[in-house]
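These notes concern the structure reproduced below.
Values in this text are rule-based calculations from the coordinates and carry no lab data. Just so you know, these numbers come straight off a predicted model, no measurement behind them. As a convention, Cβ positions derive from the backbone with ideal geometry for all residues, glycine included, and neighbour counts pool all protein chains shown.
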Amino acid sequence: MSKPHFPTVVLFLTGVGLACSDGSTGSISFAELPAQYAKAVCTAYQNCLGPILPLFLNGSDCVDLTTQRLENGTFGLIPQKITAGTVKYDGTKAQACLNVISKLTCDGLLTRDQPECLAAIDGTVALGGDCDLNEECKGSAICQSRTGTCPGQCVARFSAGQACSADGDCDDGLQCSSETKLCVKPAAAGENCEYGSPPCGPGLLCLGKDDSKKTPGVCRNATDAMSSPAGTACDPVAGILCTPGVSCVADHIDLVATKIVWTCVETGTYPAGGACKPGIPEACSTDNYCLTGTGLAALAGTCTVIPDAKQPCGTGFGAQCQTGAVCVAGLCQNYAANGVSCTGDDMCYSGYCGATGGCQPPLPCTPAH
């Protein structure tokens with residue numbers, strides 16, 4: 001609905017219809033809401049991200065992953081708040097909210113609370129009142145704690161320049177910079193991004209950023225950036241990527257210009273166990289990645305099975321783990337539900353590994369880490 005404040009660009013999928021299974025628009029029970037909301041959110045991401053969705057999915061299904069994140073996030077705590085009267089939910093109005101969410105494009109992803117969604121689910125706690133969840137706060141207010149303990153207090157969303165921990169903490173049109181942890185206006189196409197500049201807005205890629213030199217990149221529209229067909233030149237550093245289904249591989253080093261020459265090849269070109277060149281995305285056959293050496297040997301390797309859970313992460317242009325696992329501290333770990341022991345936030349569906357070592361909902365009135 002809009003209250004479970006999602007990151008701007010993190011989840012994904014193929015478009016999915018939102019009508020109830022019988023085609024009606026009747027009441028949606030709260031138990032049904034996570035899966036239905038996940039469908040709407042993933043459709044919105046599809047509307048915005050289009051061909052770059054696979055860049056954010058390690059083979060996972062957007063709806064399944066989003067549903068798990070919802071159910072293991074603060075969503076699961078809302079029923080008790082409904083009983084307590086600090087949250088009100090009207091299932092007869094939920095479908096109108098889902099319809100609005102599913103029609104959002106990139107511009108709409110930075111609008112925090114749609115009127116149709118607030119009509120379906122909203123808090124009853126006024127500004128300054130005690131809260132444990134964002135959903136308890138009335139309207140667009142959020143729950144924050146200065147002490148790092150619960151309860152927190154309902155406060156207005158933050159304006160540009162104020163400290164934040166997530167995009168949803170910020171006013172409409174703003175994002176929370178992962179670099180400065182301040183609310184900022186995101187960079188538009190053609191503008192510098194990160195390392196002293198704002199993050200790109202929804203639907204844009206920050207390309208050409210140099211992590212070793214800590215110099216910013218430039219925001220590019222995905223359709224414009226992913227335009228080179230198989231057999232032509234590409235350059236991820238310059239922001240020239242290949243069309244969907246085609247990988248940009250490091251072909252060889254131009255010794256005169258002392259730079260890597262990149263070429264577009266069909267994804268899956270290199271067979272399992274065969275020689276390969278590292279690419280973005282991987283150019284090896286399904287479930288394989290190009291295992292390379294270091295230095296000059298980093299430009300040639302062998303297609304190797306992507307590591308499963310409990311195995312060291314695969315190397316390359318990005319840490320590699322099988323679908324359903326994520327790289328945490330160099331080791332592939334299965335995504336974990338609440339209560340399962342964890343070694344880092346990334347392995348939890350909730351996105352929060354508690355101080356006691358178990359995955360748990362990330363309450364806004366507990367300290368971030």
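Data overview
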quantity	calculated
Antiparallel content of DSSP bridges confined to the range 229-334, in %, to 5	95 percent
Distance violations [Cα-Cα > 20 Å] among K81/K181; K39/K93; K103/K181	K81/K181; K103/K181
Three semi-axes of the equivalent ellipsoid, the range 229-334, Cα gyration tensor, whole Å, largest first	24, 15, 13
Set of the range 230-248 residues, backbone N closer than 12 Å to the point 7 Å along the Cα-Cβ line of K259	234-240
Relative contact order of the range 230-369, defined on C-alpha pairs under 8 angstrom at six or more residues apart (%)	13 percent
DSSP-assigned coil residues among trypsin sites (Lys or Arg not before Pro) in the range 31-136, each with at most 11 further Cβ atoms within 10 Å	none
The range 131-190: trypsin sites (Lys or Arg not before Pro) in DSSP coil with no more than 15 other Cβ atoms inside 10 Å	R146, K181
